[in-house]
Ligand SMILES: O=P(O)(O)O[C@H]1O[C@H](CO)[C@@H](O)[C@H]1O
């Protein structure tokens, strides 16, 4: 099945994204400056939102639709910790058949809606041998392994209304928000399971082989997933402030003879198990943020 209901789309004009942004803004009262993308099983972040206004992706002309369990496929507008926000309850992944440009279209739409700060969250496998299931990792940097294979949403003609042809990607994850998150997590008693580390992204949909996990350990990744990086590239390209959290939902298998295997059910269960802590942490960070 073709998820988007049309052939894979590899580019959108500025005006395409502007049209979608205007369509969305015309339907809601709030005009937030902060957007949050919810990872697999992390849609419950929207439970904290008050005065909700909800738009299913299917009701937004030109917007992709969610096809993965644990990704509901809705935009949720409202108030969180007294601030106006919009949450994506469900993101898009290249393994669903979407191009990198399709998976990141919402980020450009957010930019054109006036969003200045983007929070990305994801479920990820623990690569770092010191990590445990249920750890929350503040993302300090990423390794774009899909980019090494040519998958990058910024490939193609560059529209300078968004940003430069060659955007820098050092300091992609805002240092002040990272420090704030780590100190709040410790204050909240999360010291035993808060981490800071490097997220790596492959395309999926298969989980990694044992040798791939060993490779990721060697190249300096602490966690791995199948998302987030394209969104961050596009957000940084258009000048957004970015903050990211990975929930370590499983520990990757790095022994050739291990009997256990990774699976999406475990990913969703861990999301459920930690959802309240994640909600509290996100709410506390937003409360302290200048938006
Ligand atoms: O990155 P998110 O969307 O949180 O989801 C992660 O969980 C799924 C695998 O269980 C993959 O989609 C992986 O990327």
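The values are calculated or read from the model by the stated rules, or taken from the named source; none is laboratory data. Everything numeric here is computed off the predicted structure, so don't read it as measured data. Methodologically, a virtual Cβ is constructed for each residue, glycine included, from the backbone with ideal geometry; neighbour enumeration extends over all protein chains shown.
For residues that are more than 14 Å from the ligand (Cβ to nearest atom), touching a helix residue (DSSP H, G or I) at 6+ places or on another chain (Cβ under 6 Å) and either within 30 Å of residue 15 (Cα to Cα) or outside any loop (DSSP other than H, G, I, E, B) (or both), tally how many sit in the stretch 108-143.
Of the residues in that region, 6 qualify.
Residues in the stretch 264-275: is at least one at pLDDT below 95, away from the ligand (no atom under 16 Å from the Cβ) and crowded, with 16+ Cβ neighbours inside 10 Å?
Scanning the stretch 264-275, I find no residue that is at pLDDT below 95, away from the ligand (no atom under 16 Å from the Cβ) and crowded, with 16+ Cβ neighbours inside 10 Å, so the answer is no.
Checking the structure you have, find out if any residue of the stretch 224-231 is in contact (Cβ under 8 Å) with a residue 12 or more places away in the chain and loosely packed, with under 15 Cβ neighbours inside 10 Å.
No, that holds for no residue.
Just one of the numbered conditions (1) under 19 Å from residue 28 (Cβ atoms); (2) away from the ligand (no atom under 16 Å from the Cβ); (3) in contact with a helix residue (DSSP H, G or I) (Cβ under 8 Å, 6 or more places away or on another chain) is not true of residue 89; which one?
(2)
Would you be able to say whether some residue in the stretch 19-36 is under 26 Å from residue 248 (Cβ atoms), surrounded by fewer than 20 Cβ atoms within 10 Å (Cβ to Cβ) and in contact (Cβ under 8 Å) with a residue 12 or more places away in the chain?
No.
Where in the stretch 19-85 are the strands (runs of 3 or more DSSP E), entirely inside, with at least 1 residues that are touching a helix residue (DSSP H, G or I) at 6+ places or on another chain (Cβ under 8 Å) and either within 16 Å of the ligand (Cβ to nearest atom) or modelled with pLDDT under 95 (or both)?
Where strands (runs of 3 or more DSSP E) fall fully within the stretch 19-85 and carry at least 1 residues being touching a helix residue (DSSP H, G or I) at 6+ places or on another chain (Cβ under 8 Å) and either within 16 Å of the ligand (Cβ to nearest atom) or modelled with pLDDT under 95 (or both), they are 34-38, 74-80.
State whether the residues of the stretch 71-79 include one that is more than 26 Å from residue 276 (Cβ to Cβ), in contact with a strand residue (DSSP E or B) (Cβ under 6 Å, 6 or more places away or on another chain) and without any contact (Cβ under 8 Å) to a residue 60 or more places away in the chain.
no
Criterion first (within 12 Å of the ligand (Cβ to nearest atom) and assigned to a helix (DSSP H, G or I)) does residue 231 satisfy it?
yes
Tally up the residues in the stretch 148-163 that are touching a helix residue (DSSP H, G or I) at 6+ places or on another chain (Cβ under 7 Å) and within 24 Å of residue 205 (Cα to Cα), please.
Within the stretch 148-163, residues that are touching a helix residue (DSSP H, G or I) at 6+ places or on another chain (Cβ under 7 Å) and within 24 Å of residue 205 (Cα to Cα) number 4.
All but one of (1) in a loop (DSSP other than H, G, I, E, B); (2) within 16 Å of the ligand (Cβ to nearest atom) hold for residue 102, so report the exception by its number.
For residue 102, the exception is condition (1).
Could you count how many residues in the stretch 198-218 are outside any loop (DSSP other than H, G, I, E, B), without any contact (Cβ under 8 Å) to a residue 60 or more places away in the chain and more than 9 Å from the ligand (Cβ to nearest atom)?
So the answer is 7.
Quick check on this structure: which one of 192, 254 is more than 14 Å from the ligand (Cβ to nearest atom), assigned to a loop (DSSP other than H, G, I, E, B) and touching a helix residue (DSSP H, G or I) at 6+ places or on another chain (Cβ under 7 Å)?
Exactly one of 192, 254 is more than 14 Å from the ligand (Cβ to nearest atom), assigned to a loop (DSSP other than H, G, I, E, B) and touching a helix residue (DSSP H, G or I) at 6+ places or on another chain (Cβ under 7 Å), namely 254.
At pLDDT below 95 and more than 10 Å from the ligand (Cβ to nearest atom), is that true of residue 248?
Numbers: at pLDDT below 95: no; more than 10 Å from the ligand (Cβ to nearest atom): yes.
Judged against the criteria, residue 248 is not a match.
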